[in-house]
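Okay, structure first, notes after.
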Amino acid sequence: MSYLNPNALARQSAGAFRARIPFPWVEMEDVLTPEGYARLRASMPDVAGFDRKVGVQRAHGQKPHDRSILHYRPQMDLPQPWRELIAELNGAVYQSFLQRMLGQHRFILTLEWYYAWQGCSVSPHCDARRKRATHIFYFNTGEDWQPEWGGEILMLDDNGRFRAHSAPDFDDLRVAASLTPRGNRSLLFERTEHSWHGVRPLQCPPGVLRKLFIVTVNTPTLQVAWRRLRGKDPDGYPLRLRAAKT
């Protein structure tokens, strides 16, 4: 079966994407087929295998982005639906979609699952310059996430006032869009020097997780090349998993 919906990808307008103010972004419906989305939701990786990131210091005075992360490596043991989706993400249809939307033909994808719990937030930030774009797939629905719990992805406008390497608060920025990450939808946005975005603290009950799958489109910069020479991917993770100790 197929997971990506070629028709949904094909109907996205690169011109409209690039003309969006204050930076290029588009929220897309049904990029995953209904059957594929259901299979992926039913086989989400167990949070027990994630790295829990709490209180990790960020650059430029920005507040920590607490969450649990599972960073994809090719040797990972994943459920079959996720292996099949990742194969499609590295296939011609998705690669051509990114090339058309971004106007760039050379890039390296990195993949992560992000799970967040009560109180987690994402302070306003612009991504690292090597990150040309980010594609966020939503994996909560009305069955497991209520609107009053928050979790909206805020696309923020600084009106050109802040450097990317700074730490404005939410109150310093205008909310250009508030996107609810539920259902078979996804968000693609391009990194610019003013592509501010964030998430206010989650208000969900204890034990409930906000679940995202994130594709990062990395430009092959000198930093990325240097990491590759040292056996690391663009995010700095070792390309090969260490063998478990016996």
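Listing for the model above:
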read-out	value
Whole-number Å³ per residue for the convex hull built on Cα positions in the stretch 155-200	77 Å³
Rg/Rh ratio calculated on Cα atoms of the stretch 6-229 (Kirkwood radius)	0.93
Theoretical gain in end-to-end length, A19 to D77 [0.36 nm per residue, Cα-Cα removed]	16.8 nm
17 Å Cα-Cα reach of K63 towards aspartates and glutamates, excluding residues that sit fewer than 8 places from it in its own chain	D127, D169, D171, D172
Ellipticity estimate at 222 nm from DSSP helix runs (n ≥ 4, -39,500 (n - 2.57)) divided over the chain, nearest 500	-5500 deg cm²/dmol
Top positive-direction residue, dipole computed over the chain with Cβ charges, set I214, F23, A128	A128
Efficiency of FRET from Cβ geometry, F170 and Q223, R₀ 25 Å, rounded to 0.05	0.30
Efficiency of FRET from Cβ geometry, E29 and V54, R₀ 30 Å, rounded to 0.05	0.35
For the stretch 118-175: Kirkwood Rh in Å [reciprocal of mean 1/r, alpha carbons]	13.9 Å
Euclidean distance between Cα centres, the stretch 1-58 to the stretch 196-246, Å	15 Å
Sorted by Cβ density within 10 Å, fewest first, the residues K232, K131	K232, K131
Least to most buried among H60, H165 (fewest other Cβ within 10 Å first)	H60, H165
V208, V56, V31, V175 arranged by Cβ crowding within 10 Å, fewest neighbours leading	V56, V175, V208, V31
Charge tally in the Cβ shell below 12 Å around V56, where Lys, Arg are +1 and Asp, Glu are -1, V56 excluded	+3
Principal axis dimensions, the stretch 43-117 - Cα atoms, whole angstrom, descending	39, 34, 20
Whole-Hz ³J(HN,Hα) from phi, Karplus 6.51 cos²θ - 1.76 cosθ + 1.60, for the stretch 13-18, glycine and proline x	8, 5, x, 5, 4, 6
FRET efficiency, 1/(1 + (r/R0)^6) with R0 30 Å, evaluated for R240 and A87 via beta carbons	0.95
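Readers should treat all values here as calculations from the given coordinates under stated rules, not as data from a laboratory. The structure presented is a predicted model; accordingly, all values stated were derived computationally and were not measured. Don't worry about glycine lacking a Cβ; one is built from the backbone with ideal geometry, like all the others, and counts go over all protein chains shown.
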